[in-house]
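What follows draws every value from the coordinates through simple rules; no lab data is involved. Because the structure is predicted, anything quoted here is derived from the model rather than measured. Here the Cβ positions follow ideal geometry from the backbone for every residue, glycine too, while neighbour counts run over all protein chains shown.
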Amino acid sequence: MSKTKIILGCFDDPDDMMQGITNLQKNSVPIYDIYTPMPIHGIEAKMGVKDSRLGYAAFCFGCLGLTVITSIVYYTLVGDWPQNIGGKPSFAMPDFIPFMFEWTILFTAFGMTLTFFAATHLFPGRAPRVMDLRATDDRFIIAVDAKGNIPHDDITNLLKEAGAVEVKHNERKYVSYE
Amino acid sequence: MAHHHESIIREPLMTGKDMTYARITDEILLPVENKPNKAWWIGFIVSALGAMLWVVSISLTFWYGLGEWGLNKTVGWAWDITGFVWWVGIGHAGTLISAVLLVFSQNWRNSINRSAEAMTIFAVICAATYIVAHMGRPWLAYFTLPLPNQYGSLWVNWNSALMMDVFAISTYFSVSLLFWYTGLLPDIASIRDRAKGLRRRIYSILSFGWTGSLKTWQRFETVSLILAGISTPLVLSVHTIVSFDFATSLEPGWHTTIFPPYFVAGAIFSGFAMVQTLLLVTRKVLGLENYITMFHIESMNKIILLTGSIVGVAYITEFFIAWYSGVEYEQYAFINRATGPYWWAYWSMMSCNVISPQLFWSSKLRRNIPFSWALSIVVNIGMWFERFVIIVTSLHRDYIPSSWAMFYPTWVDVGVFIGSIGVFFTLFLLFIRVLPSVAIAEVKLLLKTASEQAKMKQIKEGHLEPAEVQYYKESLTKYDSVDMADYENV
């Protein structure tokens, strides 16, 4: 049995890579992942990737920020130490809008971005799981899991037909550990 | 998927023949992957000397207190707050370019957003140093936070515009930093995958393990768009709140409702001027003429013209309202600005900010690089004077003539200011050495749609209106990075 673990179709043009995806999909070859140096528009629909739910997370974090700052202001000015400032109500709402606004933004930004980092497993010091070093430079990579797939030569041909400049049969999944 | 073809009558956002994805990476990473040239060293040494002056001046301020500055009982805010507002204003262009222009799908932002955002962060750092320094006892800066304390607890004053400023500036700084760094991840990964040894290890840590997989990019784009969406009102709120520091007071010359929009326009105005100051030099020294093109320069000059005109209208409105209000203190404040002992500051502001940007109505001047560079400096001098005029000339003569006084800066005041410029340039020069000064991934998006090369291909394929092609060719003549000889036989 072949030792190949992963097959990489390396393209130098995003349009050719999209053709490569079409070829594989027509032949029911499951795609492991796709690595590109830049975002490719329209690829999510093609790959059937659902919309990101980060927007909902952002909204929830925004609400949290608003609640936290409103609670702090309310507690300090009404609960803990009410003051008589010209006979006005202790909780003078219009003055607090800037605080509420700023912390809504602050919590939205950090909450959402940290959720993104957590969901994508991004954190300082994480070993980069790179399959091809040029995927962050000028190569658009389609990775196909070699196990249990149709004959590897057929996959190679499908990728070559689409215009792959190189097809790699790698015995190791990630190169960056070397 | 066929790439969307952009209309031929739009100017290219990237020039150059035989551009490839690899070439974009190579050219942008050139300063990061090689030893710096002489121009960089000269700039760095001069800036570092400036930064040292800052260290000396700020140390004296911390050691002996605010008596080192020229402040007096009447003028309690002068160069410190002038410097603070000036730097915060400069910081606005970065977020404006990265957020507002993203929301409006202005693709020309792709080439300039990275360095503009870096500039924002360094400018806000400079601004924050003024705030901390002007407290007099910087080690008590935490008093501005709502922390439980042994006085009761005696909480912070939530009704004060200065508190709002603490929240606005800290949120602005941290969100800008987050936005900038998230955008940097793919580009740091590009450096990492080309580096060896220790460099690879360092950039690997900094890259957070970025791989550029399908799902990563999808989430990245969602995050970028939402961050842009929330940063747009944020950037407008920050300078609005800075203007509250003045507008909510009862000081003649400060107590005006026009301040928020007027400050925001002024901030964008000075921010774009600083972007021009930096990028016109960076583009030349780092050889980025194909990425930061004449179109970018001209677009920024148009924004300078627009915001400069808004600022001009605001100055005149302020003057009119002072007269129309019938309040004699307000009237005096403005007469004093224009004709009092600080008349030279007022007229410097007027000529630098209102008159000089009007020269940009001329397309010839808008496309003249040395002129644009010189004008960007003039604008920033003018914007410094604007803050000086608002702060010092309002304070030095207000209600009681017996308290009237003049403000004279000490050498420490001057040292802190010149020094902060040194700090800013030191940080910027270090930035262009260790991180890509142009967003590589975003510029790659332009290659097949908005580049000169893609448009050339479109022309060669035919099927275009000859009149439109002619229009396009004429628009190319302004570019200094396009060789018109290529278009003679097309």
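Maximal additional length on extending the B:T20-B:T74 stretch stands at 13.2 nm, based on 0.36 nm per residue less the C-alpha distance.
Translational diffusion of chain A was estimated from the Stokes-Einstein equation, with Rh taken as the Kirkwood radius over Cα pairs; at 10 °C and 1.306 mPa s the coefficient is 79 µm²/s.
Couplings 3J(HN,Hα) for region A:76-90, derived from phi with the Karplus relation 6.51 cos²θ - 1.76 cosθ + 1.60 (θ = phi - 60°), are 5, 8, 10, x, 8, 8, x, 10, 9, 10, x, x, 7, x, 4 Hz, where x marks Gly and Pro. Entry note: region B:257-387 has Rg to Rh equal to 1.06, where both radii use alpha-carbon atoms and Rh is the Kirkwood radius. Rounded to the nearest 0.05, the FRET efficiency derived from the C-beta distance between B:S249 and B:V55 at R0 = 30 Å is 0.35.
In this simple spin-label model, placing a label point 7 Å from the Cα along the Cα-to-Cβ direction at both B:W323 and A:D153 gives a separation of 9.2 nm.
Using only the Cα atoms of region B:27-70, build the gyration tensor, take square roots of its eigenvalues as a ≥ b ≥ c, and label the shape rounded, prolate or oblate: rounded if a/c is under 1.5, else prolate if a/b is larger than b/c, else oblate. Verdict is prolate for region B:27-70. Here the extension length gained between B:F143 and B:I355 equals 72.0 nm, from 0.36 nm per residue of separation less the Cα-Cα distance.
What does the convex hull of the Cα atoms come to per residue for region A:1-96, in Å³?
Convex hull volume per residue, Cα atoms: 201 Å³.
Ellipsoid semi-axes for the protein assembly as shown, based on the Cα gyration tensor and the rule √(5λ), read 49, 31, 23 Å when sorted largest first.
Close amide H contacts of B:S481 (hydrogens built in the peptide plane, cut-off under 5 Å, sequence separation of 5 or more or a different chain): B:M294.
Peptide A:17-23 has a mean of 1 when you count, residue by residue, the C-beta atoms of other protein chains within 10 Å of its C-beta.
As a rough guide to protection, the peptides B:364-372, B:140-148, B:350-358, B:238-246 ranked by mean Cβ packing within 10 Å, highest first, stand as B:238-246, B:350-358, B:364-372, B:140-148.
Sequence-distant contacts, meaning Cα pairs under 8 Å at least 6 residues apart, place the relative contact order of chain B at 34 percent. Taking amide H as placed 1.01 Å from N in the peptide plane, A:E166 has its amide H under 5 Å from the amide H of A:C10, each at least 5 places away in sequence or on another chain. The long axis of helix B:466-476 is offset from the longest Cα principal axis of chain B by roughly 50 degrees. Close amide H partners of A:D33, meaning residues 5 or more places away or on another chain with modelled amide H under 5 Å apart, are A:A143.
What shape does region B:165-260 have by the C-alpha gyration tensor, where a ≥ b ≥ c are the square roots of the eigenvalues, rounded means a/c under 1.5, and otherwise prolate means a/b greater than b/c and oblate the rest? Because a/c hits 1.5 or more and a/b exceeds b/c, region B:165-260 counts as prolate.
Counted over region A:57-119 with a bin width of 5 Å, the fraction of Cα pairs per bin, in whole percents, is 4, 19, 21, 19, 13, 10, 7, 5, 2, 1, 0.
You can think of it this way: the chain between B:I400 and B:K38 has 124.7 nm of extra reach, that is 0.36 nm per residue less the Cα-Cα gap. Take the Cα of B:N368, step 7 Å toward its Cβ, do the same at B:D480, and the gap between the two points is 1.3 nm. In terms of its alpha-carbon gyration tensor, chain B comes out prolate; a/c meets the 1.5 threshold, and the first ratio a/b outweighs b/c.
Only aspartates and glutamates eight or more places from A:K50 in sequence, or on another chain, were considered; those with a Cα closer than 17 Å are A:D33, B:E221. The label-point distance for B:L154 and B:Y487, in a model that sets each label 7 Å from Cα toward Cβ, rounds to 6.9 nm. Local charge for B:G419 was computed over the other residues whose Cβ lies under 15 Å away, with Lys and Arg +1 and Asp and Glu -1, and equals -3.
Hydrophobic long helices, here whole DSSP H runs in chain A with Kyte-Doolittle means of at least 1.6 and Cα atoms spread over 20 Å or more along the helix axis, are found at A:54-74. Helix B:452-461 and the long axis of chain B differ in direction by around 40°, with both axes built from C-alpha atoms. With the helix formula -39500 (n - 2.57) applied to DSSP H stretches of n ≥ 4, the protein assembly as shown reaches a computed 222 nm mean residue ellipticity of -20000 deg cm²/dmol.
Cross-link pairs exceeding 30 Å between alpha carbons, from the set A:K168/B:K35; B:K457/B:K478; A:K173/B:K457; A:K46/A:K168: A:K168/B:K35; A:K173/B:K457. If you plug the beta carbon distance of B:Q470 and B:Q331 into 1/(1 + (r/R0)^6) with R0 = 56 Å, you get a FRET efficiency near 0.45.
Can you give the angle from 0 to 90° between the axis of helix B:411-434 and the longest principal axis of chain B, with both taken from C-alpha atoms, to the nearest 10? Roughly 20 degrees between the two axes.
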